[in-house]
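A short worksheet on the structure shown next.
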């Protein structure tokens, strides 16, 4: 074997060994200068900010485990709204407005549509009867 061929063979062997040594798993954290990879969660962890539904005739509220999102809808006095409640959580919930005789049961993955009316002034509360003590409440609020 000629010297150049032996040198190439030696370099290739050295490259294979070096690659094998560096491809082992490590638990070292990435350098601080690197940005962390953003992670997206399909489920929010808290309600959305209040939403202005003035002038709308329909809207959808999502339920997750232990909160409605959004949990405050702002509208006009006596405004009628067809409201769809979509249960995206893993627990069964209710959408209840006692003053309007609205009380629907929502199994996980289901939705219900109800007609609601904003009050003349102030706000009307809606709740989940099963999780009200955990803060699962919201309001229809007149602006």
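The values are calculated or read from the model by the stated rules, or taken from the named source; none is laboratory data. All values reported here derive from a predicted model rather than from experimental measurement. All Cβ positions, even for glycine, are placed from backbone atoms using ideal geometry, and neighbour counts span all protein chains on display.
Please go through segment 44-59 and give me each residue that is assigned to a strand (DSSP E or B), within 13 Å of residue 140 (Cα to Cα) and touching a residue at least 24 places away in the same chain (Cβ under 8 Å), ordered by number. So that I can check it myself, show each step before the final result.
Filtering segment 44-59 for residues assigned to a strand (DSSP E or B) gives 51-52, 58-59.
Narrowing the set further to residues that are within 13 Å of residue 140 (Cα to Cα) leaves 51-52, 59.
Those that are assigned to a strand (DSSP E or B), within 13 Å of residue 140 (Cα to Cα) and touching a residue at least 24 places away in the same chain (Cβ under 8 Å): 52, 59.
For every residue, the table says whether it meets (1) surrounded by 13 or more Cβ atoms within 10 Å (Cβ to Cβ); (2) closer than 14 Å to residue 138 by Cβ; (3) in contact with a helix residue (DSSP H, G or I) (Cβ under 9 Å, 6 or more places away or on another chain); (4) modelled with pLDDT under 95.
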| residue | (1), (2), (3), (4) |
| --- | --- |
| 14 | no, no, no, yes |
| 73 | yes, yes, no, no |
| 77 | no, no, no, no |
| 95 | yes, yes, no, no |
| 124 | yes, yes, yes, no |
Residue identified as at pLDDT below 95 and touching a strand residue (DSSP E or B) at 6+ places or on another chain (Cβ under 6 Å) among 42, 31, 38, 47: 47
